[in-house]
1. What spacing in nm lies between the two simple spin-label points modelled at Glu132 and Tyr15, each 7 Å away from Cα in the Cβ direction?
2. Can you give the calculated 222 nm mean residue ellipticity of the chain, where each DSSP H run of n ≥ 4 adds -39,500 (n - 2.57) and the sum is split over every residue, rounded to the nearest 500 deg cm²/dmol?
3. Let me know the charge dipole size of region 77-162 about its Cα centre in debye, to the nearest 20, where only the beta-carbon of Lys, Arg (+1) and Asp, Glu (-1) is charged.
4. Kindly list the residues of region 147-165 that lie in the label zone of Glu122, defined by a backbone N under 15 Å from the point 7 Å along the Cα-to-C-beta vector.
5. Tell me which of Phe154, Ser51, Leu203 sits at the most positive position along the dipole axis of the chain, charges placed on C-beta atoms (Lys, Arg +1; Asp, Glu -1).
6. Label Leu111 and Ser43 with points 7 Å out from Cα along Cα→Cβ: what is the distance between them in nm?
7. If amide H atoms are built 1.01 Å from N in the plane of the peptide, which residues on other chains or at least 5 residues away come under 5 Å of the amide H of Arg47?
8. Taking amide H atoms as placed 1.01 Å from N in the peptide plane, list the residues 5 or more away in sequence, or in a different chain, whose amide H sits under 5 Å from that of Gln223.
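We did not get these values from a lab; they are worked out from the coordinates using the rules stated. As the structure is a computational prediction, the values presented were derived from the model and not from experiment. Note that each Cβ is placed from the backbone with ideal geometry, even for glycine, and that neighbours are counted across all protein chains shown.
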Amino acid sequence: MNEVALRAEGITVSYRPYTSRIPIFGRVTSRSGPVVHALKGVSFEARRGESIGILGKNGAGKSTLLRVLAGTLLPDEGSVEVNGRISTLLALGSGFNGDLSGRRNIVLGCLAAGLSRAETNELVDPIIEFAELGDAIERPLNTYSSGMVARLAFSIGVSMRPDILMIDEVLSVGDESFRDKSREAMERLVERAGTLVLVSHRLRVIREVCRKAIWLHRGEIQQVGDPDAVIRAYRRAVRAGKA
């Protein structure tokens, strides 16, 4: 049986959102809203060579779960076991410096991910080629469109040869040809025994790219299994007003 690449056990995340700031006796006082339970005891595992799609409506806890798995958010309860190098695309342009060129952001992104200078130098040209940004690669990132930022973000993430690639909706931006190219890159990652965890509202992408799907609803797993079966169940629940 394939080795476990990623395991989540009892992940629970709660927070009290800020709602307003009210001046009282010359001082500004914060008022918080009710506790929101973003994740409630979520457990699952991903094995090497496995591609998993996470689906659900807005507010289901999908992005929160991905942040916990990536180590950028500590859960209130539960644990995460990771075996391998992770590359994450949790938000377009996250960690980029808009005043620097695309090329410079590639270098900084690779170094920040823990690659050596030599490894980074080897990857710069392949990343630029994959992104297909032409002369724009030498321009400041704050001149880029959202689609161009998506190209650069995905190109960096997939080119760092991760063992585990986590993606949050990055494929919803960009033209069709680049989305096709991105899907092919993800498939190659899985073929070489990498692991993919993809959050997306695009159910067709999850069906085409992933071999397992997880349906989240209000912070809890509703169903895990074959993408076609999970998507059918999810759509039935949506039509019935239960998701």
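1. Here the answer is 3.6 nm between the modelled labels.
2. Values: 7 runs with 85 residues, N = 243.
Computed mean residue ellipticity for the chain: -11000 deg cm²/dmol.
3. Working: 7 positive and 10 negative charges, 18 e Å.
Its charge dipole is roughly 80 debye.
4. Taking a point 7 Å out along Cα→Cβ of Glu122, the residues of region 147-165 whose backbone N falls under 15 Å are 159-163.
5. Leu203
6. Between Leu111 and Ser43, the label points sit 4.3 nm apart.
7. It is Ala5, by chain and number.
8. When sequence neighbours closer than 5 places are left aside, the close amide H contacts are Trp215.
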